[in-house]
Amino acid sequence: MNSLIGVLAVQGDVREHARSLESLGAATRLVRRPEELDGLDGIVLPGGESTTMDKLLRAFDLRDPLRERLQAGLPAYGSCAGMILLADRVLDATPDQQTLGGLDVTVRRNAFGRQVDSFEDDLEMPLVLGEEHEPVRAVFIRAPWVEAVGPQVQVLGTVTTGPAAGRIVAVRQGSLLATSFHPEVTGDHRIHEYFLGMTK
Ligand code: GLN
């Protein structure tokens, strides 16, 4: 049976993630209500605006059920705002901003700077892609980076060029995967493929 992957659909680039997952043969379900979490093999938290997604998660009564699923081991992949939602600690958050948490990392929102709203880089991600593969073209859009990681967190990718060189932009901790960038916009499905591997 193919995996059934939810895409959190309260806000953000929901369709692009669903398309990537479907092109890899997964079935997808847009998730807006708590019942729609039932029977999922994994869930994607898309990019968008983390403060808005946080408010909508609470308004739709999804926050607590989703947190419980994540704590129970539901595999999740958060991209950009989704990374912020999975982080235990957020710098430059709005005063009332909450996260789902689970990833023992500190992320900084809009970390690449006000002037640099978007930035692109080629990332080597040997733990994800293997040693001999083409790098991933990473597109960062008002993206966070990871400033600190706990001992259980595996660093999967760092920026290679420019003033942000060395900054952590992809991490995994057990069933949780997060990237600062948006693989769903480049047509490169390897990050989603890696995530599907985590859901088996
Ligand atoms: N800056 C956004 C936030 O704080 C994230 C941007 C994105 O997901 N492209 O949520």
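The values are calculated or read from the model by the stated rules, or taken from the named source; none is laboratory data. Note that the coordinates shown come from a computational prediction; the quantities given were computed from them, not determined experimentally. Every residue, glycine as well, gets a Cβ built from its backbone with ideal geometry; the counts of neighbours run over all protein chains shown. Ligands, DNA and RNA are stripped out before the accessible areas are found, and what is left, the full protein with its side chains, is counted by its heavy atoms. Shrake-Rupley method; radii C 1.70, N 1.55, O 1.52, S 1.80 Å.
Structure above, values below:
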{"quantity": "Output for the range 45-74, where each listed residue is away from the ligand (no atom under 16 Å from the Cβ) and free of Cβ contacts under 8 Å to residues at least 24 places away in the same chain", "calculated": "59, 64, 68, 72"}
{"quantity": "Selection from the range 43-63 of residues that are part of a helix (DSSP H, G or I) and charged (D, E, K, R)", "calculated": "54, 55, 58, 63"}
{"quantity": "Yes/no for residue 13 being modelled with pLDDT under 95, among the charged types (D, E, K, R) and either within 23 Å of residue 194 (Cβ to Cβ) or surrounded by 17 or more Cβ atoms within 10 Å (Cβ to Cβ) (or both)", "calculated": "yes"}
{"quantity": "Given (1) assigned to a strand (DSSP E or B); (2) crowded, with 20+ Cβ neighbours inside 10 Å, number of the condition residue 29 does not satisfy", "calculated": "(2)"}
{"quantity": "Any hit, the range 106-120, residues being within 19 Å of residue 8 (Cα to Cα), surrounded by fewer than 19 Cβ atoms within 10 Å (Cβ to Cβ), within 16 Å of the ligand (Cβ to nearest atom) and in contact (Cβ under 8 Å) with a residue 40 or more places away in the chain", "calculated": "no"}
{"quantity": "Filtered residue count, the range 68-124, keeping only those that are in a strand (DSSP E or B), among the small types (Gly, Ala, Ser) and out of contact with any helix residue (DSSP H, G or I) (no Cβ under 8 Å at 6 or more places or on another chain)", "calculated": "2"}
{"quantity": "Test: residue in the range 86-97 that is touching an Asp or Glu at 6+ places or on another chain (Cβ under 8 Å), surrounded by 23 or more Cβ atoms within 10 Å (Cβ to Cβ) and small (Gly, Ala, Ser)", "calculated": "no"}
{"quantity": "Sole exception among (1) part of a helix (DSSP H, G or I); (2) touching a residue at least 12 places away in the same chain (Cβ under 8 Å) for residue 35, by number", "calculated": "(2)"}
{"quantity": "Unique match (being over 25 Å from residue 64 (Cβ atoms) and in contact (Cβ under 8 Å) with a residue 60 or more places away in the chain) among 81, 143, 165", "calculated": "143"}
{"quantity": "Residue check, residue 138 part of a strand (DSSP E or B), small (Gly, Ala, Ser), at pLDDT 90 or above and farther than 21 Å from residue 75 by Cβ", "calculated": "yes"}
{"quantity": "Candidate set from the range 170-200 (those that are assigned to a helix (DSSP H, G or I) and open to solvent by less than 20 Å² (accessible area, probe 1.4 Å)); member that is farthest from the ligand (Cβ to nearest atom)", "calculated": "196"}
